[in-house]
């Protein structure tokens, strides 16, 4: 788990990106869950360009490209398992 003043590992960044794209959790809830600051979560969001807040704090849109990438990856995993 990340702590304040420490950098996030790549695994933590991927986990945060998953939470941003796959859940409706608020940034504060994700930060609390991951043990880091809200600004760290927003930095991951800016870096990965997952949520578009459009000048609103409490509403957002998940970029469709992110959803499509995750959907394609899930289909690929299922076809490899079969």
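Points worth noting:
- Test: residue in segment 35-52 that is modelled with pLDDT of 90 or more, outside any helix (DSSP H, G or I) and either in contact with a helix residue (DSSP H, G or I) (Cβ under 8 Å, 6 or more places away or on another chain) or at negative phi (or both): yes
- Flag for residue 25 being modelled with pLDDT of 65 or more, surrounded by 16 or more Cβ atoms within 10 Å (Cβ to Cβ), assigned to a loop (DSSP other than H, G, I, E, B) and in contact with a helix residue (DSSP H, G or I) (Cβ under 7 Å, 6 or more places away or on another chain): no
- Any hit, segment 71-80, residues being surrounded by 12 or more Cβ atoms within 10 Å (Cβ to Cβ), modelled with pLDDT of 65 or more and at negative phi: no
- Any hit, segment 4-21, residues being under 12 Å from the mean Cα position of the chain (by Cα), at pLDDT below 90 and either surrounded by 10 or more Cβ atoms within 10 Å (Cβ to Cβ) or not in a helix (DSSP H, G or I) (or both): yes
The values are calculated or read from the model by the stated rules, or taken from the named source; none is laboratory data. Keep in mind it's a predicted model, so treat the numbers as computed, not measured. Cβ coordinates were reconstructed from backbone atoms using ideal geometry, including for glycine residues, and neighbour counts include every protein chain displayed.
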